[in-house]
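Read through the structure below, which is laid out as structure tokens, and then see the notes.
Laboratory data are not the source of any read-out in this text; all were calculated from the coordinates shown. Keep in mind the model is a prediction, meaning the values are calculated, not measured. As a convention, Cβ positions derive from the backbone with ideal geometry for all residues, glycine included, and neighbour counts pool all protein chains shown.
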Amino acid sequence: MIKFITFDIRPATATNATPAKGVWVKKYARKTPYENGKPGGLDAFNDTCTNQDHPSTLALFEGAYAWSTEPSCGPSESHGAPNPEYGQLLPADYFLLVYVVVRLMGELPYMASTFGTNLKNFAIRRTNGLLNSRCTRFLTRPAAVHESTILGSPRYRQYRQNLYRLVSRPTFAGYWILQSSLPEIRPPCTSDITIFYLHGGGYFSSQPATYLLFLLRLAESLLDQGLSVSIFAFDYRLAPEHPFPAQLRDATAAYSYLLDEMQIPAEKIFMAGDSAGGHLALSLLMNLKEPFAGSTNQQGVSGLVKPGGLVIMSPWLSLYHEPSSFSRNEHFDVLSGSFLRATAQRFLGPKPTYAKNSQHLEFLSPDPAVDWDDVLPPCIWISTGEHEILFDDVVTWANNLRKEIGSERVELEIGKNEVHVWQWLDTMDAEKRQRFLRKEEKPDGGFESIDDIGKAIGQRLLKMRKCQVGLEAK
């Protein structure tokens, strides 16, 4: 999912950039993640703070970057990053950014008179359609900016050494957003629940850091229910540099890591994702049942057990189908049909060699038909916004699932007057974001839409426990 944000087109090395106080450098050793139940290996690092000037990037949201000059407390992006050039621009891209700004300024009177309260969504939609993948990534900002803003804030500063910890392997990379709790690190295999998160972004943009605040608030919601929670945010390779099935290969390797290396019971894992991340989650579940013919890492895939739950927000279920909500909601949503068509081309590559209705790509009308009862986990939670262009597809698919596998397994939340992945979009509201990070919100307040997801997961987990106790009693 792509968002329109306030930006400055100065390169990061601009001489008028504000120098930060320092930058943390992490040095990782390649060992096992846990030794004798204690963090080690990739989770053990040495902190050194350099005094060199580190140009800070412009705040994404006005007033939200009060802590942008704090030393970053997350790992360096150069360690195991699957997209090392993320956020870098070519000289021609600066002209494109200027063109987009000038065009939007010129269209502002028309947009204001035509779209009124939907002006912001129109601007996002228009920007999405004008930018290339490099510019879009540039506007979502490097991971270090999100780290210093969120982890250096009053809300999370005391826990920051325990949060957003890198895991890098030859076949994948990702981050432990937290491990069991905020105040201390415990092995994720001991958590009540581990969330395996696959981020959205049309397969060509975003990264785990873009979702850092969203995932931390989701963790807090679960912790408030008395649950211990670990969240692993997977950082997959992006298109168009890496077309499908690169993302599926990475996701399979990351899920195998949770099961085999981290020894997390499959029933304690909830796979979660938004938009393209929801699509990738379904593709991965299908891959566990029926390994994709075009994948080079099929070894062991069939032996991986499906997770205990699935949580998907505004999932992109079909790369080709255009429901009536495409036209009905085109003036409300932050996405457009033309944008999704271009995004699908980026993702599939110039010369795809697989059928467009493949079971690993098409989930509305796959060929051959999918036995969802066998593929999907016991608990499924789905959400869609009433005003998003994917609305009809999501509702149709959810209703079909209820008929096929039982309504007790499938929960559908429809956000009234909401757009694509509104729960994540909520964390991008500058004023709300700043209040939350400054701890001005009451302890159980802020980002209620994320709390709703946490409560739904907690209720499902409690229900699963009761069923397990009942079976053991018999």
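A compact table of results
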quantity: Ranked packing of 266-278, 182-194, most packed first, by mean Cβ within 10 Å; calculated: 266-278, 182-194
quantity: Full-extension gain in nm, Lys351 to Ser365, via 0.36 nm per residue minus C-alpha separation; calculated: 2.8 nm
quantity: The range 163-473: relative contact order as a whole-number percent, Cα under 8 Å and 6+ apart; calculated: 18 percent
quantity: Percentage relative contact order, the range 226-290, counting C-alpha pairs under 8 Å, at least six apart; calculated: 27 percent
quantity: Cβ-based exposure ranking for Phe214, Phe339, in which fewest neighbours within 10 Å come first; calculated: Phe339, Phe214
quantity: Value of relative contact order over the range 144-289, rounded to a whole percent, pairs C-alpha under 8 Å and six or more apart; calculated: 29 percent
quantity: Per-peptide average of other Cβ atoms within 10 Å, ordering 406-415, 349-358, 168-177 highest first; calculated: 168-177, 406-415, 349-358
quantity: Size of the range 163-473 as Cα extents on the principal axes (Å, biggest first); calculated: 49, 45, 40
quantity: Ordering of 100-106, 385-391 by packing [mean C-beta count within 10 Å, highest first]; calculated: 385-391, 100-106
